[in-house]
Amino acid sequence: MAVTHVGIDLGTTTSGLAYLRSDGNPEIVPNADGERLTPSVVYFDPHENVKLVGTAARDGGDPDRTVQLIKRHMDDPAYSVEMDGRTWTPTEISALILAKLKRDCERTIGPIEECVLTVPANFNELARRATVAAGRIAGFKVRRIVNEPTAAALFYAHTHGVQGRVMIYDLGGGTLDITILEIHGDD
């Protein structure tokens, strides 16, 4: 399978990666645990210098060594997490989540080089740049940033063949966004 680019929702509580199948329809790629969504959680193991990401991080760690909801701090350059003598920025922690998605999904669909990342509509320029930087650290060439409700609206329009004005609610783990989209055929 020759997939070179994917779409990723780096979510506040869960994240997911999808690609376009050969028939033109999107498909969410399961992670190594067989889950379609990966918890956006990182656990720093004190003994092995291992960083667990996803369900294992969410379910099995010391809360003092577990980082979650990091996306809420993407626009705060002063925010950091201290762990074992190292300072981690929200960008670096987000990169760990993105790297897991990339690594796990490449096992199923093959090498991934480029991605489109979704962000909340209210993300400011600093948060958008931090998200792009996280993608690059994780090994992606980030082609574009798309607002989450816009991505949801485009998917809906593509899969339901609707025309006219539609309103899309994006009920995320950390945000509530609404997009109103005017759809005219395949434009």
Reduced to Cα centres, the span from the range 118-187 to the range 52-87 in Å works out to 25
If each K or R counts +1 and each D or E counts -1, the residues other than Pro120 whose Cβ falls under 9 Å of its Cβ total -2
In the chain the DSSP beta bridges are antiparallel at a rate, in percent to nearest 5, of 70
Regression test value, accessible area per residue of the chain, probe 1.4 Å, units Å², expected 55
Cα-based Rg and Dmax for the range 138-187, in Å, come out at 12.7, 39
Taking every other residue with Cβ under 14 Å from the Cβ of Asn49 and scoring Lys and Arg +1, Asp and Glu -1, one gets 0
GluC sites (Glu not before Pro) in the range 1-101 lying in a DSSP loop, each with at most 10 other Cβ atoms within 10 Å of its Cβ, come to Glu48
For the range 1-97, the convex hull over Cα atoms projects on average to an area in nm² of 7.5
Computed, not fitted: 222 nm per-residue ellipticity of the chain from DSSP H runs ≥ 4 (each -39500 (n - 2.57)), nearest 500, equal to -8500 deg cm²/dmol
Chymotrypsin sites (Phe, Trp or Tyr not before Pro) in the range 135-187 lying in a DSSP loop, each with at most 13 other Cβ atoms within 10 Å of its Cβ, come to none
In Å, the Kirkwood hydrodynamic radius from C-alpha pairs for the chain sits at 17.2
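With Cβ to Cβ distances under 10 Å as the rule, what net charge do the other residues near Gly16 carry (K, R +1; D, E -1)? Working shown, then result.
Values: positive: Arg36; negative: Asp9, Glu35.
Around Gly16, the surrounding residues sum to -1.
The values are calculated or read from the model by the stated rules, or taken from the named source; none is laboratory data. Keep in mind the model is a prediction, meaning the values are calculated, not measured. Cβ: placed from backbone, ideal geometry, glycine included. Neighbour counts: every protein chain shown. Note: areas computed on protein heavy atoms with side chains; ligands, DNA, RNA excluded. Shrake-Rupley method; radii C 1.70, N 1.55, O 1.52, S 1.80 Å.
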